[in-house]
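Have a look at the structure below, then the notes.
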Amino acid sequence: MTHTTRRIARVYARGMTADASSHVADRFRPFGTTIFAEMTRLANEAGAINLSQGFPDFDGPAFVKEAVGEAIAAGHNQYAPTGGVPALTTAIAGRWQRDTGLSLDPARQITVTAGCTEALAATFLGTCNPGDEVILFEPYYDSYRACVAMAGATPRFVGLRAPPTDAPPNAPYTFDENELRGAFSDRTRAILVNTPHNPTGKVFTRQELELIASLCVQHNVIAVCDEVYEYLVFDPDLPHIRLATIDGMADRTLTLSSLGKTFSFTGWKIGWAIGSPELTAGVRAAHQFLTYAVATPLQHAAAAAIERGDDSIRDLVSHYRATRDYLADALSDLGFGVSVPAGTYFLMADHSPFGFADDVAFCKHLTSEIGVAAIPPTAFYEHKDLGRHLVRFAFCKKMATMEQAIERLSRLKS
Ligand code: PMP
Ligand code: GLN
């Protein structure tokens, strides 16, 4: 049987007509098109201000851009080592040492990847076997669910509950300890912890992380920590804490991050995974065949950003604190229920006062009639009812963009 006849046979077996998706492998069918591509497409079509997909409408520091040209001129143009160029892995290890007091062997404990997205894929593909279980908090960043499926593993979900409507605006999303305990089984291989958390803006507390750590140790489970928003935190009482630094976790944690959010270069797709040599071997087993290595001159520029970027991070956090506060106050004046995030550059709001059937209907109306695009958060939920009343706005924009968005949103009637 040729490939095409096999495909047609499968399509008929499913009772479907051959359409644009009929070449898609079964394991990807549940996921459709990622909500970020979908909403940015709709925003562009409608000429809407795009507060959906999270990317800044400004560039990162000039010295980092200049470093790319310098790296190209200096001849850094051939394949990098699969683990990453030593200039970058050394810079990452230096920052890790400064932030945590822990030292790393850059050659055996750091892997440079195509953004955190590839670090996630390489981690699940390289460390999980079919039948393993992976615990995800929901709402979750959409690629986790797809990566777990690619690895043939099974997700188990633990809910992060929105604060009650009468709670103060900065009340955090929380999870139930017993629900978390109940999600661990003898098949659990990994738990994914994303802090600061997209889309809720939650920063996990030390107490929460200690509970997660104790369960990981008790059940011999590894932790995959997505810390791409590690520096975007706004509340001095809720600093970013790395699970890898908690007792018993250093050798059972992979910490993933990237350059995109911290330095406002989301399009560069430079990320990394940090972990013990044994866990790194798992990540690299997959990474070598996914991409082998990522853009050499961009890795050199990323090293410059990490080594010389402290002032730019400070300025960025102060800018995002201002756009966060502006957005939170303005949305609350317009009648939204607002949950003020302690970290990330996203804010979740309750749109129910406006009377729409669900988040998808609300975001469609917002994009096409009001001219502002936002994310319908049910894309991040397995249990869709938990997210239908919510909408996610990005505030990683110039203040003028935020003001223009609010001017448009004021046409909404509650
Ligand atoms: N994890 C989270 C929580 C994210 O929000 C994103 C989005 N950008 C990523 C991972 C992917 O990061 P990158 O763009 O570096 O691939
Ligand atoms: N992390 C970004 C967000 O949550 C989107 C990244 C992407 O488009 N893949 O909006």
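Kindly identify the chain as rounded, prolate or oblate by the Cα gyration tensor criterion: order the square roots of the eigenvalues as a ≥ b ≥ c, call it rounded if a/c is under 1.5, otherwise compare a/b with b/c, prolate if a/b is larger, else oblate. Here the chain falls in the rounded category. Using a probe of 1.4 Å, the accessible surface attributed to LYS384 totals some 80 Å² when neighbouring protein chains are kept in position.
The fraction of accessible area contributed by carbon and sulfur in region 101-253 is 48 percent, rounded to a whole number (1.4 Å probe; ligands and nucleic acids excluded). Consider all pairwise Cα distances in region 103-154 and report the whole-number % of them above 13 Å. In whole percent, the long-distance tail amounts to 61. Peptides 49-59, 134-144, 166-176 ranked from most to least packed give 134-144, 49-59, 166-176, packing being the mean of other C-beta atoms within 10 angstrom over each peptide's residues. Full extension of the chain between ALA107 and ARG41 gives 19.7 nm of extra length, using 0.36 nm per residue less the Cα-Cα distance. Solvent-accessible area per residue in the chain equals 42 Å², computed with a 1.4 angstrom probe and all protein chains kept. Please sort by residue number the chymotrypsin sites (Phe, Trp or Tyr not before Pro) in region 272-303 whose DSSP state is loop and whose Cβ has at most 15 other Cβ atoms within 10 Å. Answer by residue number: TYR292.
A probe of 1.4 angstrom, applied to the heavy atoms of all protein chains, finds MET399 with accessible area near 60 square angstrom. Mean residue ellipticity, 222 nm, helices only, the chain: the sum of -39500 (n - 2.57) across DSSP H runs of n ≥ 4, divided by residue count and rounded to 500, is -12500 deg cm²/dmol. With the highest mean first, a sort of the peptides 222-233, 80-91 on other beta-carbon atoms found within 10 angstrom per residue produces 222-233, 80-91.
Under a model in which nothing but the beta-carbon of Lys, Arg (+1) and Asp, Glu (-1) is charged, the chain shows a dipole of about 1140 debye around its Cα centre.
For ALA361 and ARG29, the FRET efficiency from 1/(1 + (r/R0)^6), where r spans their Cβ atoms and R0 equals 22 Å, is about 0.35.
Using the Cβ of GLU133 as centre and a radius below 13 Å, the other residues enclosed give a net charge of +1, where K and R count +1 and D and E count -1.
Only one residue of SER143, THR165, HIS197 has its Cα farthest out toward the positive end of the dipole of region 123-200, where Lys and Arg carry +1 and Asp and Glu -1 on Cβ, and that residue is SER143. Using the Cβ-Cβ distance between ALA73 and ALA167 with R0 set to 56 Å, the FRET efficiency works out to roughly 0.55.
From largest to smallest, the equivalent ellipsoid semi-axes obtained for region 79-236 from the alpha-carbon gyration tensor read 27, 21, 15 Å. In a reduced charge model with +1 at each Lys and Arg Cβ and -1 at each Asp and Glu Cβ, region 178-257 shows a dipole moment near 260 debye about its Cα centre. Coupling constants for region 44-59 follow from the phi torsions by the Karplus curve (6.51 cos²θ - 1.76 cosθ + 1.60, θ = phi - 60°), and in residue order they are 5, 4, 8, x, 8, 6, 8, 9, 9, 4, x, 8, x, 9, 8, 9 Hz; glycine and proline get x. In terms of packing, defined here as the mean over residues of other Cβ atoms within 10 angstrom, the peptides 35-47, 112-124, 318-330, 183-195 line up highest first as 112-124, 183-195, 318-330, 35-47.
The values are calculated or read from the model by the stated rules, or taken from the named source; none is laboratory data. Please read these numbers as outputs of a predicted model, since none were measured by experiment. Please note: Cβ atoms are built from the backbone with ideal geometry, for glycine as well, and neighbour counts cover all protein chains shown. Surface accessibility is based on the protein's heavy atoms, side chains included, excluding ligands, DNA and RNA. Shrake-Rupley method; radii C 1.70, N 1.55, O 1.52, S 1.80 Å.
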